[in-house]
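For reference, the structure discussed in these notes is given below.
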Amino acid sequence: MANVAVIGAQWGDEGKGKVVDWLASRADVVVRFQGGHNAGHTLVVGNETYKLSLLPSGLVREKLGIIGNGVVIDPEALLAEIDKVTAQGLRVSPATLRIAENAALILPFHGALDRAREAARGDQKIGTTGRGIGPAYEDKVARRAIRVADLAEPETLSLKLDELLRHHNTLLASLGAETFDKAVLLAWLLALAPRILPYAEPLWIRLDELRRAGKRILFEGAQAVMLDVDHGTYPYVTSSNTVAATAASGAGMGPGAIGFVLGIAKSYSTRVGSGPFPTELHDATGQLLGDRGNEYGTNTGRRRRCGWFDAVLVRQAVKVAGINGLALTKLDVLDGLSELKVCTGYRIDGALHHHLPAAPRAQEAASPEYEVLEGWKGSTRGARSWGELPAQAIKYVRRIEELVEAPVTLLSTSPERDDTILVRDPFEG
Ligand code: IMP
């Protein structure tokens with residue numbers, strides 16, 4: 001039996017929520033290890049729809065939820081989300097949710113700086129969620145972040161706020177944005193502290209115990225490999241490492257704890273925010289994919305850019321993230337299209353490339369080389385076995401497996417949890 005890490009293999013919004021929910025029902029513990037409340041997992045259980053940003057999805061299945069040290073935590077957003085899901089009937093308490101005492105906090109000036117910088121970038125904007133993720137990670141690496149455990153030490157908070165405000169107020173003022181007052185922030189933090197601290201602990205001890213007791217751990221990734229700060233389409237990325245290796249450092253465990261790495265990929269491509277997107281479609285087909293895919297909703301409420309499946313990028317994601325198997329989602333969105341295209345290489349200044357280069361101008365210039373596949377007439381929607389799929393749909397999936405050099409271990413054919421074809425149980429390794 002293995003633990004499982006679930007990560008996005010494209011630019012996010014691959015339909016992780018449904019897959020994570022399915023896996024969470026079979027796990028004992030669900031661990032978030034990077035990102036913050038920029039993430040968004042929609043889980044539909046019975047008549048209730050849960051939209052989680054920061055809380056681990058396992059809470060919906062009454063599994064222990066863990067927020068690891070690699071996550072950046074906005075304390076106010078966390079408490080608001082706890083209140084929201086509690087009103088929907090979930091039980092969230094220090095018995096069901098544990099938070100790493102060494103996780104860094106997102107503070108109000110992080111969001112303000114994120115938004116002020118985006119405004120100053122104009123056309124060059126990254127399209128961030130504006131929730132302060134980048135500036136919070138910057139403070140963590142710069143060794144001035146306020147961490148969860150600091151909430152128990154008013155003197156530490158006071159000293160850190162001095163340093164933080166020296167830095168942030170200077171930047172905010174230079175961008176023409178409002179600055180922050182130390183006394184107000186200190187009072188705010190001290191008021192939040194009693195509600196956050198009961199969840200905090202040295203998580204590595206608990207995780208070590210859970211692992212030794214043979215509990216099934218599900219590591220729930222947020223965002224996706226092409227948004228990874230090292231391996232993604234930099235600078236149009238998020239500010240954390242989203243690859244599976246981060247699950248270990250972001251939870252406080254050794255790399256051997258990760259187990260099976262399940263990459264989630266849509267059967268086509270989408271992207272929210274700015275940045276290179278070689279297979280993007282600006283025509284009626286792109287519009288159609290967007291309209292059909294949008295039934296699932298985005299976490300940020302922004303419209304997705306849509307395009308053909310990019311096997312070059314997903315193969316790259318498979319390699320850099322060590323993906324053992326793919327969960328292919330939203331196959332039904334392609335139903336009825338007469339032909340389908342899959343990107344197998346890029347032409348850049350006349351030369352053929354089989355990976356996306358790191359240089360921004362090369363990324364922008366990458367023009368896709370397509371393989372054209374026949375579409376299928378029947379419906380794949382709701383299929384629960386290979387026998388229910390049109391032959392061409394199976395061919396499409398098989399061709400994707402070959403091109404990305406990873407097996408499809410799970411196929412999702414509608415937003416419903418049980419509309420899934422399972423080829424191999426990731427927990428069996
Ligand atoms: P940030 O994470 O708010 O800094 O945003 C950086 C980039 O990551 C932007 O392009 C966002 O649209 C994108 N992003 C962040 N979180 C998600 C997500 O959960 N799904 C899809 N895109 C995301």
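The table for this structure:
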| item | result |
| --- | --- |
| Charged-residue dipole, Cβ positions (Lys, Arg, Asp, Glu), the chain about Cα centre, Debye nearest 20 | 260 |
| The stretch 83-133, dipole about Cα centre (Lys/Arg Cβ +1, Asp/Glu Cβ -1), debye to the nearest 20 | 80 |
| Part-to-part distance (alpha-carbon centres) for the stretch 375-413 and the stretch 210-281, which is given in Å | 24 |
| Paramagnetic reach from residue 51 (point 7 Å along Cα→Cβ, amide N under 20 Å) across the stretch 220-248 | 222-224 |
| Vicinal HN-Hα couplings computed from phi for the stretch 123-140 (Karplus, 6.51 cos²θ - 1.76 cosθ + 1.60; Hz; Gly/Pro x) | 4, 8, 4, 7, x, 5, 6, x, 9, x, 4, x, x, 5, 5, 4, 5, 4 |
| J(HN,Hα) series, the stretch 383-396, from Karplus relation 6.51 cos²θ - 1.76 cosθ + 1.60, nearest Hz, glycine and proline x | 4, 10, 8, 4, x, 7, 8, x, 4, 5, 5, 5, 4, 4 |
| Residues with amide H under 5 Å from that of residue 74, placed H, sequence gap 5 or more | 37, 106 |
| HN-Hα J in Hz across the stretch 201-208 - Karplus 6.51, -1.76, 1.60, θ = phi - 60°, x for Gly and Pro | 6, x, 4, 4, 5, 5, 5, 4 |
| Additional length obtainable on full extension of the chain from residue 365 to residue 79, 0.36 nm per residue less Cα span | 98.6 nm |
| Built amide H within the under 5 Å cut-off of residue 97, gap 5+ | 65 |
| Residue 181 versus residue 352: modelled label distance in nm, points set 7 Å from Cα along the beta carbon direction | 6.6 |
| Fraction of beta bridges assigned by DSSP in the chain that are antiparallel (%, nearest 5) | 40 |
| Estimated dipole of the stretch 274-380 in Debye, rounded to 20 [Cβ of Lys and Arg +1, of Asp and Glu -1, Cα centre] | 360 |
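None of the figures in this text is laboratory data; all of them are computed from the coordinates on show. This is a predicted model, so every value here is computed, not measured. Heads up, the Cβs are rebuilt from the backbone with ideal geometry, glycines too, and the neighbour counts pull from every protein chain shown.
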